[in-house]
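Peer 1: Sharing a structure below in structure tokens format, with a few things to ask.
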Amino acid sequence: MNQQFRELCKDKNISPSITRESVYDYLDGNETHPTVDEIYKELKPKLPTLSKTTVYNILKLFTKEDIILEINTREHKKRYELNNEDHAHFTCDMCGQIYDLPKVEVNYNLGGFNGFHIKHEEVNLRGVCKDCRDK
């Protein structure tokens with residue numbers, strides 16, 4: 001088992017498993033912001049006993065523990081990525097591709113958030129990507 005993954009599990013107080021590590025490794029090596037179905041289809045041949053419910057449960061746990069980010073898209077399919085650094089997302093309305101962009105600085109009037117504690121900010125931009133625009 002990957003030492004980095006074992007340390008992460010220890011820090012988050014979760015039990016490491018081959019299935020959890022496989023999901024983590026898949027997300028670590030993937031920049032396409034995959035859906036549950038995509039993760040399941042990719043890992044199923046390597047883990048024959050894997051169920052889609054197991055994938056859902058692992059993603060739910062990893063999201064709760066801030067190991068991964070859940071990205072909400074216009075198509076109403078949740079997508080996932082490792083929670084490595086703050087950044088924004090751009091979704092192309094033409095091809096559906098999701099791109100990572102540098103973090104966009106937004107200034108809020110904190111007086112309007114009296115009593116609220118913001119833990120996470122998600123910036124999702126939409127439009128037409130360069131490739132689709134050039135076509």
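The values are calculated or read from the model by the stated rules, or taken from the named source; none is laboratory data. Bear in mind the structure is a predicted one, so any value in this text is a computation, not a measurement. So basically every Cβ, Gly included, is an ideal-geometry build from the backbone, and we count neighbours across all protein chains shown. Just so you know, the surface numbers come from the protein's heavy atoms only, side chains and all, with ligands and any DNA or RNA stripped out. Shrake-Rupley method; radii C 1.70, N 1.55, O 1.52, S 1.80 Å.
A quick yes/no check of all residues on (1) modelled with pLDDT of 80 or more; (2) basic (Lys, Arg):
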site: Pro48; (1), (2): yes, no
site: Phe62; (1), (2): yes, no
site: Arg74; (1), (2): no, yes
site: Ala88; (1), (2): yes, no
site: Leu101; (1), (2): yes, no
site: Gly112; (1), (2): no, no
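Peer 1: Considering every residue within the range 46-63, establish whether at least one is under 30 Å from Asp131 (Cα atoms) and not hydroxyl-bearing (Ser, Thr, Tyr).
Peer 2: No - not one qualifying residue is present in the range 46-63.
Peer 1: Same structure, new question: Inside the range 87-112, can you point out the residues that are exposed (fewer than 12 other Cβ atoms within 10 Å of the Cβ) and among the acidic types (Asp, Glu)?
Peer 2: Asp93, Glu105
Peer 1: Failed condition for Glu42, given (1) part of a helix (DSSP H, G or I); (2) under 15 Å from the mean Cα position of the chain (by Cα), with all others met?
Peer 2: (2)
Peer 1: Okay, next question. Quick one: in the range 5-19, which of the residues that are more than 26 Å from Ala88 (Cα to Cα) and assigned to a helix (DSSP H, G or I) is most open to solvent (accessible area, probe 1.4 Å)?
Peer 2: By that ranking, first place goes to Lys10.
Peer 1: Related question: Within the range 56-65, can one find any residue that is in contact (Cβ under 8 Å) with a residue 60 or more places away in the chain and of a type in the set (Asp, Glu)?
Peer 2: no
Peer 1: In the set Leu50, Leu59, which member is open to solvent by less than 30 Å² (accessible area, probe 1.4 Å), under 19 Å from Pro16 (Cα atoms) and in a loop (DSSP other than H, G, I, E, B)?
Peer 2: Of the residues listed, the single one that is open to solvent by less than 30 Å² (accessible area, probe 1.4 Å), under 19 Å from Pro16 (Cα atoms) and in a loop (DSSP other than H, G, I, E, B) is Leu50.
Peer 1: While we're here: List pairs: first residue in the range 117-134 and more than 9 Å from Ala88 (Cβ to Cβ), second residue of a type in the set (Val, Ile, Thr) and surrounded by 10 or more Cβ atoms within 10 Å (Cβ to Cβ) anywhere in the structure, Cβ distance under 7 angstrom, at least six positions apart or on different chains.
Peer 2: Listed by first residue and then by second, the contacts come to Arg126/Thr91.
Peer 1: Taking Gly29 as meeting all but one of (1) touching a helix residue (DSSP H, G or I) at 6+ places or on another chain (Cβ under 9 Å); (2) open to solvent by less than 90 Å² (accessible area, probe 1.4 Å); (3) not polar (S, T, N, Q), write down the number of the exception.
Peer 2: With (1) touching a helix residue (DSSP H, G or I) at 6+ places or on another chain (Cβ under 9 Å); (2) open to solvent by less than 90 Å² (accessible area, probe 1.4 Å); (3) not polar (S, T, N, Q) applied to Gly29, the lone miss is (1).
Peer 1: Exactly one of these conditions fails for Leu69: (1) open to solvent by less than 70 Å² (accessible area, probe 1.4 Å); (2) more than 21 Å from Asp25 (Cα to Cα); (3) part of a strand (DSSP E or B). Give me its number.
Peer 2: Against the list (1) open to solvent by less than 70 Å² (accessible area, probe 1.4 Å); (2) more than 21 Å from Asp25 (Cα to Cα); (3) part of a strand (DSSP E or B), Leu69 comes up short only on (2).
Peer 1: Would the range 72-84 turn up any residue that is hydroxyl-bearing (Ser, Thr, Tyr) and open to solvent by 60 Å² or more (accessible area, probe 1.4 Å)?
Peer 2: no
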